[in-house]
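Heads up, the thing below is written out as structure tokens.
The values are calculated or read from the model by the stated rules, or taken from the named source; none is laboratory data. For clarity, every value in this text was computed on a predicted model and none was experimentally measured. Quick reminder, even Gly has a Cβ in these numbers, built from the backbone with ideal geometry, and neighbours come from all protein chains shown. Side chains are part of the model used for accessible areas, which takes the heavy atoms of the whole protein and leaves out ligands, DNA and RNA. Shrake-Rupley method; radii C 1.70, N 1.55, O 1.52, S 1.80 Å.
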Amino acid sequence: MKILFKNAKIVSSKKIETKDVFVKNGVIEKIASSLNVKADKEYDLTGKYLMPGVIDAHVHFRCPGYEKKEDWESGSSAALSGGVTTVFDMPNTKPHTTTVEALEQKRDIARAHSKVNFGFFFGAEPANLEQVKKARGIVGVKVFMAETTGHMIMEKEVRLEKLLEALFTDNQYIIAVHAENEDMFKRRVEVYKDEHKPEIHSLIRSDAIALEAAKTAVHLAKKFNGRLHLCHVSTKKEMELLVKFHGKNVTCEAAPHHLFLSVSDYMKQENFVKINPPLRSIKDQKALWGGIKLEIVDMIASDHAPHLKAEKRKDYWEAPAGVPGVETSLPLMLNAVNDDMLELKDVCALMCENPADIFGLAGKGYIREGFDADLVVVDMNMEKPVENRKLYTKCGWSPYAGRVLKGWPVMTFVNGIVGMVNGRVVIEKVIGREVVIER
Ligand code: DOR
Ligand code: ZN
Ligand code: ZN
């Protein structure tokens with residue numbers, strides 16, 4: 001299959017320049033000012049931007065075990081619709097991805113059903129270090145420092161520190177951490193246990209709880225010279241910590257819900273926006289945008305964590321935490337570009353280049369000759385609302401429903417095959433492949 005893109009405004013973190021791009025057999029073969037080659041399909045992209053496909057380093061596609069919430073068919077369709085061409089799946093499935101056997105089981109499922117490329121985080125628990133050492137081809141190891149959806153948590157902080165020490169010393173993998181301090185969290189649950197308003201979520205899981213766990217993780221990474229990635233940083237306090245410690249060995253991601261929603265949304269959307277770590281104050285939100293400007297925030301990752309409406313309508317203490325986000329993260333960021341919050345080049349750094357560089361993804365993240373043809377065509381002038389009925393996620397709702405966004409992905413290509421046109425998924429058969437890690 002040969003594809004020719006004419007007059008594409010090619011986006012990188014450094015510059016935007018208009019060129020033609022020729023794709024052959026899933027690979028970007030030639031980029032030049034004017035190409036006159038025969039192709040099976042030609043697209044004139046005049047006025048539109050061509051970006052590398054988005055790499056979303058944090059999704060929960062729920063398989064195996066929670067297929068009612070999401071599966072690889074629906075999750076990867078949602079990804080395609082949002083301009084995402086690669087996802088990294090988290091290990092809090094059933095069974096947990098904490099054994100080589102469970103990893104292989106998950107691999108088989110993704111290979112059979114994913115319409116986008118994929119990678120896997122392996123879960124670390126106090127007792128599975130031998131399994132972690134045997135895991136091959138993974139993007140990293142995930143450690144949950146506090147109780148959250150899926151119940152993957154260390155029982156004792158001592159054991160947690162021992163585990164992190166072992167993982168950092170081993171230094172084979174990037175250690176991605178959900179940083180909230182379990183003991184502090186438990187104490188605050190006691191304080192609020194008789195209340196039921198969703199607003200208490202941010203009070204229970206306070207910013208101090210996130211800071212304490214982030215500090216522990218950062219200090220252990222430094223002490224044992226390991227490679228730490230902080231998931232979903234959400235507070236001003238974490239930004240202040242990272243001003244000091246961020247660098248090659250300590251990276252972080254921010255999630256769209258912490259950039260575009262805040263505590264006041266608990267009043268409007270109740271448990272639908274119950275998420276761990278919780279929504280924060282406007283002050284925290286501003287600090288995250290500040291972190292993006294200072295390049296302390298390395299990447300945007302959706303933390304796509306779908307739960308069914310019926311589950312979200314339950315009482316505060318019963319409702320599971322998590323919001324969907326894989327199909328809205330790029331449109332939200334493009335809208336922010338139109339609102340002058342950042343530049344399109346920055347979006348390319350945060351959503352394509354940096355995840356590829358940090359996780360060492362071979363052939364991804366850039367529009368370069370010899371790289372995979374994972375591409376997204378962007379129309380910065382398209383304006384339309386987020387609509388629940390058009391979503392591909394099985395959960396069928398979005399915390400951004402009704403929001404009118406300007407700037408949308410209008411075509412997604414995975415491995416040189418068109419997967420989405422104007423928001424609709426156009427492929428039936430699987431084209432996703434597991435990523436190759438070069439670290
Ligand atoms: O809110 C959350 N939901 N936080 C997590 O850490 C897990 C996630 C989920 O899997 O639903
Ligand atoms: Zn998390
Ligand atoms: Zn998560």
Starting from the alpha-carbon convex hull of the stretch 232-303, give the projected area averaged over all orientations, in nm². 4.5 nm²
Heavy-atom accessible area of the stretch 66-225 with neighbours in place, 1.4 angstrom probe: carbon+sulfur share in percent works out to 52 percent
So, by mean Cβ neighbours within 10 angstrom, what's the order for 123-132, 169-178 with the highest one leading? 169-178, 123-132
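Quote the relative contact order of the chain in percent (integer), defining contacts as alpha-carbon pairs under 8 Å separated by 6+ residues. Spell out each step's value before the answer.
Details: 1049 pairs, mean separation 95.2, N = 439.
Relative contact order of the chain: 22 percent.
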May I ask you to list the GluC sites (Glu not before Pro) in the stretch 301-338 that are in a DSSP loop and have at most 15 other Cβ atoms within 10 Å of their Cβ? 318
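Evaluated at 20 °C with a viscosity of 1.002 mPa s, what Stokes-Einstein diffusion coefficient in µm²/s does the stretch 251-355 have when Rh comes from the Kirkwood expression over alpha-carbon pairs?
149 µm²/s
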Can you give the convex hull volume of the alpha carbon atoms of the stretch 182-241 per residue, in Å³? 80 Å³
Taking only protein heavy atoms and a 1.4 Å probe, what accessible area per residue, in Å², does the stretch 243-284 have with all protein chains in place? 39 Å²
Only helical DSSP H runs with n ≥ 4 go in: add -39500 (n - 2.57) per run for the chain, normalise by residue count and round the 222 nm mean residue ellipticity to 500 deg cm²/dmol. -8500 deg cm²/dmol
Residue 248-residue 133 FRET efficiency (beta carbon distance; Förster radius 22 Å; 0.05 resolution): 0.40
Would you mind checking the tilt of helix 329-338 against the longest principal axis of the Cα atoms of the chain, expressed as 0 to 90 degrees and rounded to 10? 70 degrees
At what distance in angstrom do the alpha carbon centres of the stretch 273-323 and the stretch 1-49 lie from each other? 36 Å
May I ask you to list the trypsin sites (Lys or Arg not before Pro) in the stretch 259-314 that are in a DSSP loop and have at most 13 other Cβ atoms within 10 Å of their Cβ? 313, 314
Going toward the positive end of the dipole of the stretch 178-315, with +1 on Lys and Arg Cβ and -1 on Asp and Glu Cβ, which of 269, 304, 243 do you reach last? 243
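What is the Å³ per residue value for the convex hull set by the Cα atoms of the stretch 1-124?
Numbers: hull volume 15.5 nm³, N = 124.
Normalising the Cα hull of the stretch 1-124 by residue number yields 125 Å³.
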Once label points are set 7 Å from the Cα along Cα→Cβ at both residue 39 and residue 25, what is their separation, rounded to one decimal in nm? 1.8 nm
Given 286/384; 274/390; 106/406, which pairs have Cα atoms separated by over 30 Å? 106/406
Just how many % of Cα pairs in the stretch 72-216 lie over 24 Å apart, if you round to the nearest whole percent? 41 percent
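I want to verify the translational diffusion coefficient of the stretch 52-97 in µm²/s; compute it with Stokes-Einstein, Rh as the Kirkwood radius over Cα pairs, at 25 °C and 0.890 mPa s.
Working: Rh = 10.7 Å.
Translational diffusion coefficient: 229 µm²/s.
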So, for the Cα atoms of the chain, Rg and Dmax in Å stand at 20.7, 70
Spin-label proximity, residue 197 to the stretch 315-354 - amide N less than 17 Å from point 7 Å beyond Cα toward beta carbon: 315-317
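With all pairs of different alpha carbon atoms counted, what Kirkwood hydrodynamic radius in Å does the stretch 305-396 show?
Numbers: mean 1/r = 0.0629 Å⁻¹.
Computed over Cα pairs of the stretch 305-396, the Kirkwood hydrodynamic radius comes out at 15.9 Å.
Provide, as a two-decimal number, the C-alpha radius of gyration of the stretch 341-439 over 2.2 N^0.38 Å, N being how many residues it has. It would help to have the intermediate numbers written out before the result.
Working: Rg = 15.2 Å, N = 99, 2.2 N^0.38 = 12.6 Å.
Compared with the compact-globule rule of thumb, the stretch 341-439 sits at 1.21.
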